[in-house]
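Chemist: So that we are looking at the same thing, I have put the structure below in structure tokens.
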Amino acid sequence: MGFFRVTAIPLGYLMKLCYYLIQNYAIALIVFTFIIRLILFPINIKQQKSTAKMQKFAPEMEKLKKKYGKDKDKLNEATVKFYAENGISPTSSCLPMLILMLILMSMIEVIYAPLTYVSSLSDTEIDKATTRVESLMTFSHELSDAGITFNELYEDEVTDADKAEEQIQAYLENNKGDFEDTLDLSSTELSGVIENMLSYKDTDPLDVYFNDSKRVSTKLENRKELILMNMVQEDGFGGVFDENTDNVISEFHYEIFGQNLGQYPKMWTILMIVPILSFLAQLASTIVSMHYMRKNNAAAASNPMMKNMNLMMYVMPVFSLVIAFQFPMGLGIYWTISALLGLVQTIAVNKIYTPAYVDKLVEKEISQHKERSKTKKTFMQKALEASMETKQGGAEASETADGDDDAEEDEEDIDESKLSKRERNELNRKRLNEARRRMAEKYGDEYFED
């Protein structure tokens with residue numbers, strides 16, 4: 001199970017609750033998006049305050065840069081210390097965007113697998129149905145590659161299904177090279193596939209259906225649940241699956257304005273409106289965000305680095321346009337609604353949390369942080385102190401080692417047996433003074449030589 005499949009599970013439960021309250025997947029998706037944005041609202045407030053903190057201390061940071069110049073190690077050390085003292089988290093402004101991207105990638109799973117995450121079907125029923133879809137696709141593709149249709153595998157005059165199946169099985173065995181994947185199916189599964197194909201041989205041959213890229217897009221080949229949904233809801237192949245699966249899917253409302261959410265938008269079709277709306281919503285959200293950034297901090301907006309960041313933000317609308325064409329329509333609708341709600345949220349945050357109000361909140365937070373720091377150190381402060389102690393310990397060890405090496409070298413040249421009593425006493429006095437000096441340096445005490 002992939003990482004995004006794991007993160008999709010809680011989102012799937014929320015989506016399932018929304019669906020069963022509303023009984024329409026598209027509207028439930030809109031409600032779901034609103035709830036997610038509501039949950040993220042406190043994080044957006046925190047981001048607003050974090051940005052205000054960074055702006056407030058920008059002059060101090062410039063002073064640190066000038067003070068330490070090109071010494072990156074000392075600058076980094078001073079910056080971390082400054083952040084710790086003032087309760088600044090430089091990464092908190094990125095958190096909402098990271099969470100939204102995680103939710104987007106997880107929502108791909110939820111939209112690709114609506115039966116798994118939202119319907120009442122059991123995993124066993126879904127596995128059985130999707131396995132049958134895969135088996136039918138495999139057989140249909142191998143028939144196409146062999147240049148033959150299903151209806152050519154048996155004699156036209158044969159009307160008995162059992163005899164037709166015998167002739168088909170015999171043909172497959174005689175042409176193993178062309179039907180290796182089909183013959184790898186279990187005998188029960190292969191028999192079921194042949195039975196399904198015989199059922200639709202005169203109305204809508206399944207092998208023709210699965211080889212029609214307009215009806216079964218190549219983008220859907222690895223998305224069996226979406227093919228399953230299309231087969232039952234749009235193409236009338238419900239008889240391929242068991243009765244309960246057929247009934248649940250038939251009653252599952254997975255459309256908006258008559259369009260199935262599992263379809264991929266294409267140029268010059270009605271569905272292309274989804275990527276266009278996604279692009280426009282993201283563009284509007286970006287323009288409004290840039291407007292408030294310039295309004296709240298004109299100096300920061302004119303910063304060359306900020307200008308580059310602004311340029312990158314305009315990449316998001318283009319990204320949303322491209323991605324909406326690459327995934328089912330349902331994801332494009334989620335992306336569009338999320339951007340529109342984000343736009344409303346940005347306006348609301350800036351109306352309520354004005355620069356003056358945020359500045360007051362920031363001042364209060366800084367004051368509270370400094371008060372707490374007097375009695376309880378933050379994680380960043382502890383990490384900084386630990387780093388400093390490690391460096392000091394390493395320096396002391398190095399100095400002690402150098403001192404010991406020098407002393408050893410000096411003492412190696414002395415033969416005490418040839419010294420007089422007065423000279424031996426003088427040597428011992430020097431050794432004692434050296435030991436006292438080292439201890440004084442280690443503990444920060446004053447040292448006076450005897």
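Chemist: Tell me whether segment 122-251 comes out rounded, prolate or oblate; compute the Cα gyration tensor, take square roots of the eigenvalues as a ≥ b ≥ c, and use a/c under 1.5 as the rounded threshold.
Modeler: It comes out prolate by the Cα gyration axes.
Chemist: Now, a different point. Kindly put Ser217, Ser278 in sequence by how many other C-beta atoms sit within 10 Å of each C-beta, fewest to most.
Modeler: Fewest to most other Cβ atoms nearby, the residues stand as Ser217, Ser278.
Chemist: Right, another one. How much length is gained if the chain between Thr124 and Gln368 is pulled fully straight, taking 0.36 nm per residue apart and subtracting their Cα-Cα distance, in nm to one decimal?
Modeler: Net length gain for the segment: 82.3 nm.
Chemist: So, in nm, how far is label Arg5 from label Leu98 when the simple model puts each one 7 Å beyond its Cα toward the Cβ?
Modeler: Spacing of the two 7 Å Cα→Cβ label points: 2.5 nm.
Chemist: Can you sort Tyr20, Tyr209 by how many other beta carbons sit within 10 Å, fewest first?
Modeler: Tyr20, Tyr209
Chemist: Let me ask another. Once the piece of chain linking Ile148 and Ile27 is laid out straight, how much longer is it, given 0.36 nm per residue of separation minus the C-alpha distance between them? If you can, show how the numbers build up before the last one.
Modeler: Working: separation 121, 0.36 × 121 = 43.56 nm, distance 4.44 nm.
The span from Ile148 to Ile27 would gain 39.1 nm if fully extended.
Chemist: What's the extension gain from Lys66 to Tyr314 if we count 0.36 nm per residue and subtract their Cα-Cα distance?
Modeler: 86.0 nm
Chemist: I would also like to ask the following. Within segment 242-287, list the chymotrypsin sites (Phe, Trp or Tyr not before Pro) lying in a DSSP loop whose Cβ has at most 16 other Cβ atoms in a 10 Å radius.
Modeler: Loop-located and lightly packed - Phe257, Trp268.
Chemist: Hey, another quick one. How much FRET efficiency would the formula 1/(1 + (r/R0)^6) give for Glu180 and Ser213, where r is the Cβ-Cβ distance and R0 is 30 Å, rounded to 0.05? It would help to have the intermediate numbers written out before the result.
Modeler: On the way: r = 23 Å, r/R0 = 0.78.
Computed FRET efficiency for Glu180 and Ser213: 0.80.
Chemist: With 10 angstrom as the radius, rank Ile323, Ile337, Ile287 by how many other C-beta atoms surround their C-beta, starting from the fewest.
Modeler: Numbers: Ile323 16, Ile337 21, Ile287 13.
Listed from fewest to most nearby Cβ atoms, that is Ile287, Ile323, Ile337.
Rule-based calculations on the coordinates, nothing more; no lab input. These numbers come from a predicted model, not from an experiment. Virtual Cβ from ideal backbone geometry, glycine too; neighbours counted across all protein chains shown.
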